[in-house]
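A.B. asks: There's a structure below that I have some questions on.
The values are calculated or read from the model by the stated rules, or taken from the named source; none is laboratory data. Keep in mind the model is a prediction, meaning the values are calculated, not measured. In this analysis, Cβ positions are derived from the backbone assuming ideal geometry, glycine residues included, and neighbour counts consider all displayed protein chains. Just so you know, the surface numbers come from the protein's heavy atoms only, side chains and all, with ligands and any DNA or RNA stripped out. Shrake-Rupley method; radii C 1.70, N 1.55, O 1.52, S 1.80 Å.
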Amino acid sequence: MQDFPWKNQSSVSEFILLGFSRDSQINAILFNIFLFLYLSTLMGNGLIVTLIHLDSHLHTPMYFFLSVLSVLDMSYVTTTVPQMLVHLVCQKKTISYVGCVAQMFIFLVLGITEGWLFSVMAYDRYVAICCPLRYTVIMSSWLCGAMVVFCGLWGVSCSLVYTIFTMRLPYCGPNEINHFFCEVPAVLKLACTDTSLNDQVDFILGFILLLVPLSFILASYVRIFATVLRIRSAQGRLKAFSTCASHITVVTMFCGPAMFMYMNPGSNASPERDKQLALFYNVISAFLNPIIYSLRNKDVKRAFLKLTGWGRAPE
């Protein structure tokens, strides 16, 4: 407790996570569903990381960023889902105050880092399509690593602001969080004081952390589409569009629900809606990412078939 100077303002030593339902039969069904999604997410993203590491043809900036995304997704779901699975089958659904702070901080670090990584991936596609002859020069190993480090540092610094502004408030009881993990909007509802300042901070940070990278992504794709439309070959245009389709789909699935969650005032938020949104951008998007990238990507399929020796790799 001494590690957190704002802790002495609170009389709550632990929180109760209400989760999705109090019905044991429903929870048993949810346990099986979420266990399948979690294991599939780990296997799918883990496979992508392994293929990119082992296949030299995938040692390019695009696949480097994709491997970082997969690692983030595996870490992202591991922050919340294992605890949720335990709470679905156990009577005790508590989390300590310090555990709640840690979960909130780590979740935010990974989520913010992933959001900014999407803008880096869009820039990579912009350079590849709009400046193909200079691609290898511009997207050097040093620049790729520096951009990933920037995303991580930005995630850590902004997550500290989110976490400190949330947990500095007094929490006197009740201690029941109507959510399946310690997410900022859900925890703020238990504060024993006015949270209007926090709502303003959340809105401003949401603008910076979601709309700014989305603006970079939009600007990149405006330039990309303008370049693609000048390609005379229909097959060339289709190939260029297909390299961007997966990225656009993943960005939409992740950023849309997150923006709706963090840029909406807490007083207007519905607990059930918030849980569904969090489930979508935390669990569902991480589960679908490897499917979206692998099913639409011949290079990944070829690497998989080469690794397993199954059949002939697609041309």
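A.B. asks: Which entry in (1) 1.01; (2) 1.04; (3) 1.17 matches Rg/Rh (Cα atoms, Kirkwood Rh) derived from the coordinates of this structure?
C.D. replies: Only one option fits the structure, namely (1).
A.B. asks: How would LEU190, LEU42 line up by accessible area, probe 1.4 Å, largest first?
C.D. replies: Heavy-atom accessible area, descending, gives LEU42, LEU190.
A.B. asks: Still on this structure: Heads up, I need the accessible area for ARG125: 1.4 angstrom probe, whole protein in place, Å², nearest 10.
C.D. replies: 30 Å²
A.B. asks: Okay, next question. Hey, with R₀ at 25 Å, roughly what FRET efficiency would PHE225 and LYS306 work out to, going by the Cβ-Cβ distance, to 0.05?
C.D. replies: In this case the efficiency is close to 0.15.
A.B. asks: Using the membrane-span-like helix rule (whole DSSP H runs, Cα extent along the own axis of at least 27 Å, mean Kyte-Doolittle hydropathy at least 0.5), which helices of the chain qualify?
C.D. replies: What comes out of the filter, once short or polar helices are dropped, is 24-54, 61-89, 97-130, 141-167, 234-262.
A.B. asks: Also, I was wondering about something else. If I ignore ligands, DNA and RNA and count only protein heavy atoms, how much of TRP116 is accessible to a 1.4 Å probe, in Å² to the nearest 10?
C.D. replies: Roughly 20 Å² of TRP116 is accessible to a 1.4 Å probe.
A.B. asks: If you don't mind, there's one more thing I want to ask. Provide the FRET efficiency to the nearest 0.05 for the CYS131-ILE291 pair, computing r from the beta carbons and using R0 = 22 Å. Let's see the in-between values first.
C.D. replies: Numbers: r = 30 Å, r/R0 = 1.37.
Efficiency at R0 = 22 Å is approximately 0.15.
A.B. asks: Under 8 Å for C-alpha pairs, at least 6 residues apart: give me the relative contact order for the stretch 14-300, rounded to a whole percent.
C.D. replies: It comes to 27 percent, rounded to a whole number.
A.B. asks: While we're here: With every protein chain in place, what's the accessible area of GLU272 (1.4 Å probe, Å², nearest 10)?
C.D. replies: Near enough 90 Å² of accessible area.
A.B. asks: Suppose every K and R has +1 on its Cβ and every D and E has -1 on its Cβ; what is the size of the dipole of the stretch 14-300 about the Cα centre, in Debye to the nearest 20? If you can, show how the numbers build up before the last one.
C.D. replies: Working: 16 positive and 14 negative charges, 196 e Å.
For this selection, approximately 940 debye.
A.B. asks: Next up: Projected onto the charge dipole of the chain (+1 at Lys/Arg Cβ, -1 at Asp/Glu Cβ, origin at the Cα centre), which of VAL86, ILE129, LEU190 gives the Cα projection farthest towards the positive end?
C.D. replies: ILE129
A.B. asks: Got a sec? Charge dipole of the stretch 14-300, +1 on Cβ for Lys and Arg, -1 for Asp and Glu; which of GLY173, PHE150, TYR63 is way out at the positive end?
C.D. replies: TYR63
A.B. asks: Given R₀ = 22 Å, FRET efficiency for ILE204-LEU153 by Cβ-Cβ distance, to 0.05?
C.D. replies: 0.70
A.B. asks: Follow-up question, since we're still on this one. So for ILE106, ILE177, what's the accessible-area order with a 1.4 Å probe, most first?
C.D. replies: Values: ILE106 80, ILE177 0 Å².
So the residues, ranked largest to smallest area, are ILE106, ILE177.
A.B. asks: Sticking with this structure for a sec: Roughly what would the spin-label model give for SER233 and LEU218, points 7 Å off Cα along C-beta, in nm?
C.D. replies: For the pair SER233/LEU218, the computed spacing is 3.3 nm.
A.B. asks: Next question, about the same structure. Between SER96 and GLN25, 0.36 nm times their residue separation minus their Cα-Cα distance comes to what? Can you show the working numbers first?
C.D. replies: Values: separation 71, 0.36 × 71 = 25.56 nm, distance 2.66 nm.
Here the segment from SER96 to GLN25 would lengthen by 22.9 nm.
A.B. asks: While we're looking at this one, here's another question. Kindly provide the helix-only [θ] at 222 nm of the chain, computed as the sum of -39,500 (n - 2.57) over DSSP H runs of four or more divided by all residues, to the nearest 500 deg cm²/dmol?
C.D. replies: -23500 deg cm²/dmol
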